[in-house]
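The values are calculated or read from the model by the stated rules, or taken from the named source; none is laboratory data. Predicted model, so just to flag it, every value in this text is computed and none were measured. Here the Cβ positions follow ideal geometry from the backbone for every residue, glycine too, while neighbour counts run over all protein chains shown.
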Amino acid sequence: MKAQEQSRAGVWPRRVAGGVALVAVGVVCVVSVVLVTVRPSPAAGDSLLFAGAAVIGGVSLALGLFVARRRPRNPVGALLALTGLVPPLIIGLDTYAGAGLARGRPLPGAELLHQLTSGWWTLWYVPVMLLVLLFPDGRLPAGRRARWVLGGILVVPVVFDVLAMLDPTPYEPPFEDYGHPLPTLPAAYAWTALVPLGLMMALLVLSVLVMRGRYRAAGAVERAQVKWFALGALALPGTLLCCWADYLLWGEVGVLIWAGLIALYAGVPALTTLALLRHDLYDVDRAASAVATWGVVTAGLLAVYSAVSFAGGFAVGRGSAVTAAALTALVAAALVPVKNRVRRRVDRRLFPVRQAALASLDTLEREVHEGRARPEQLESVLREALREPGLRVGYLLPGSDEFRDVDGELVTGSVPVRLAGRPIGIVAGGDCPREVAAACVLLVETVRLRMEVGRALGEVEASRARMLRAGYRERARLERDLHDGAQQRLVTLGMALRLAQRHLDDDSVDMDGLLDQAVAELGTAVAELRELAHGLRPSSLDDGLGPALEALSARAPIALDWRLERPELPDEVATTAYYVASEAVANAVKHAGAGRIGLRVQDEGESIRIAVEDDGCGGAGVRPGSGLAGLADRVAALGGILSVSSAAGSGTVVEAVLPCAS
């Protein structure tokens with residue numbers, strides 16, 4: 001029961017969003033009926049205005065419902081839906097209040113409705129201010145200031161609406177004939193409505209400060225989300241610029257201000273949705289830089305335009321569209337060359353840490369090129385420039401799917417470094433802008449290749465050391481075998497012959513027996529020496545690799561099917577190929593329990609491929625100290641590659657590729 005109650009409480013934002021959507025649909029239906037029934041001519045523009053408000057609100061409503069569905073416990077979806085309700089509600093109330101004015105017969109209650117809602121225009125800002133305060137998780141930040149700001153946002157607009165309703169000032173056209181059905185304040189107190197307006201501006205600034213504090217205390221993901229939301233909120237000053245441009249060009253509200261409002265009420269919900277659901281889709285810093293740059297350039301264009309208009313002593317553009325367009329093009333052409341300079345200044349102002357990191361990377365690349373630094377210093381340079389002591393850089397080595405730092409430690413992160421669309425490294429453990437990660441491509445690729453070369457050299461050194469140790473062990477074995485075997489027999493043979501020499505004349509020694517013993521010792525010594533020589537190089541290779549494989553097949557206790565495509569091979573290649581075949585066959589017989597073995601020596605032009613396949617139990621591998629490990633070293637000594645494929649229960653395939661230039 002308790003879990004069900006928590007579940008119901010957790011999805012209330014989705015239910016609120018759905019309820020707001022129903023209210024919005026009702027408002028649209030009512031106002032549409034009024035417009036169709038009354039048909040206020042010549043106020044047909046009201047229909048177009050309301051349709052535009054419905055479309056703008058519909059975008060925000062749809063996005064709010066989408067967010068509420070994807071994040072049912074986050075109140076931001078409900079706030080987006082509330083934002084979408086505002087345009088059709090306010091424009092719809094104005095439309096109803098003025099629908100019958102053209103006929104001289106206002107609709108029932110229109111005069112009272114107009115007085116009651118004369119201050120409702122502040123509702124345009126309330127949902128946006130609530131979003132600024134509660135984004136991205138819908139929770140109020142800790143602290144008394146945030147609670148006071150929330151209370152002010154909810155109370156001050158109501159106070160302003162009451163004071164605006166009691167304002168005795170006559171209404172502006174087309175409502176100049178409307179009176180005030182409700183009592184009003186004395187004219188001397190009309191200024192009191194300005195107080196809540198000032199408080200609204202203060203609350204907006206305080207909301208931004210609360211969001212700034214949330215940003216500073218946030219992690220990397222929440223910071224990216226706040227950046228996207230702030231980028232959408234830049235549409236508000238953009239709308240003011242559009243209003244300024246409209247009055248400069250035409251002297252009245254025109255198409256630019258409506259374009260700004262559309263951008264505001266479509267851009268804020270769209271970027272809010274993007275921030276919540278796909279904040280990693282694009283580099284938000286780059287987008288913010290571009291928007292801020294064009295905003296500064298546009299403001300500069302309007303300022304220059306205003307100055308030129310004032311200096312000319314006439315209102316340029318108010319009566320001549322051609323003149324306005326020509327002057328606009330002239331001013332725009334003059335400002336284009338400074339755009340890049342403005343972009344650099346905006347970047348330094350808005351993103352000083354990112355710019356410092358880019359400058360540090362440029363310096364490191366230059367010093368690496370001049371030989372005064374090592375590319376492996378990339379991690380320490382980024383840590384210092386981005387002020388992230390825990391930052392780590394991982395590199396993707398060829399043939400691997402894991403990212404490791406220069407010390408070989410595993411690194412996991414979310415900011416990739418890509419070259420030609422494929423990841424070659426990652427930056428983890430800190431807030432690294434994507435533009436900075438992209439600027440690391442050359443250094444990351446250099447370090448990655450150096451690590452691969454270093455690893456290959458290390459493997460060569462290790463292989464050389466193993467082969468040296470194997471050589472030492474082999475020499476020790478030969479020395480021991482010669483000392484304990486053939487050497488002792490030859491010493492005994494020498495002593496017997498010396499004894500025979502001393503007693504040739506006195507017949508005190510059985511000379512025939514002594515000579516027979518000497519011949520036997522000599523034969524045994526020769527046999528032992530042959531065995532030792534066989535361990536160094538199989539005698540069967542004296543006639544070539546083909547006869548050696550034939551002998552190997554004859555000795556094998558199970559069926560061995562073999563084929564040789566290139567019989568003539570250099571001695572060292574033939575010897576190594578024989579050892580690969582012999583070791584693989586021996587393993588299949590001793591350990592795999594195989595019933596059949598296939599052996600192929602294929603000619604690949606500049607190389608040969610030795611493949612030994614069995615149908616045994618599998619599970620083999622190149623383990624340190626094993627016969628296959630020694631075989632891998634022997635193959636690597638010739639510049640070849642040994643691979644073992646041996647899944648449990650699926651048999652084993654041992655392959656070696658040996659270079660063999662003709």
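Structure summary
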quantity	calculated
Subset of the range 395-427 (residues that are at pLDDT below 85, surrounded by 15 or more Cβ atoms within 10 Å (Cβ to Cβ) and of a type in the set (Gly, Ala, Ser))	413
Conditions (1) more than 39 Å from the chain's Cα centre (by Cα); (2) at pLDDT below 75; number of the one not met by residue 11	(1)
Candidate set from the range 363-402 (those that are in contact (Cβ under 8 Å) with a residue 60 or more places away in the chain and within 23 Å of the chain's Cα centre (by Cα)); member that is nearest to residue 416 (Cα to Cα)	378
Residue list for the range 442-463, restricted to those being of a type in the set (A, V, I, L, M, F, W, C), free of Cβ contacts under 8 Å to residues at least 60 places away in the same chain and surrounded by fewer than 16 Cβ atoms within 10 Å (Cβ to Cβ)	449, 453, 456, 457, 462
When residues of the range 607-654 are limited to those that are in a loop (DSSP other than H, G, I, E, B) and touching a residue at least 60 places away in the same chain (Cβ under 8 Å), the one surrounded by the most Cβ atoms within 10 Å (Cβ to Cβ)	640
Filter result for residue 185 (assigned to a loop (DSSP other than H, G, I, E, B) and modelled with pLDDT of 80 or more)	no
Conditions (1) buried (at least 20 other Cβ atoms within 10 Å of the Cβ); (2) in contact (Cβ under 8 Å) with a residue 60 or more places away in the chain; (3) part of a helix (DSSP H, G or I); number of the one not met by residue 68	(2)
Unmet criterion (only one of (1) at pLDDT 85 or above; (2) touching a strand residue (DSSP E or B) at 6+ places or on another chain (Cβ under 8 Å); (3) crowded, with 16+ Cβ neighbours inside 10 Å) for residue 561	(3)
Only one of 112, 89, 133, 123 that is out of contact with any helix residue (DSSP H, G or I) (no Cβ under 8 Å at 6 or more places or on another chain) and assigned to a helix (DSSP H, G or I)	112
From 26, 19, 64, residue being among the small types (Gly, Ala, Ser), at pLDDT 85 or above and touching a Gly at 6+ places or on another chain (Cβ under 9 Å)	64
Lone qualifier among 148, 191 - being more than 30 Å from residue 230 (Cα to Cα) and of a type in the set (Phe, Trp, Tyr)	191
The range 633-651, residues that are of a type in the set (S, T, N, Q) and more than 36 Å from the chain's Cα centre (by Cα)	650
Search result, residues across the range 61-115 that are in contact with a Pro (Cβ under 9 Å, 6 or more places away or on another chain) and acidic (Asp, Glu)	111
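Yes/no per residue for (1) assigned to a helix (DSSP H, G or I); (2) loosely packed, with under 13 Cβ neighbours inside 10 Å:
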position: 167; (1), (2): no, no
position: 178; (1), (2): no, no
position: 201; (1), (2): yes, yes
position: 204; (1), (2): yes, no
position: 207; (1), (2): yes, no
position: 212; (1), (2): yes, yes
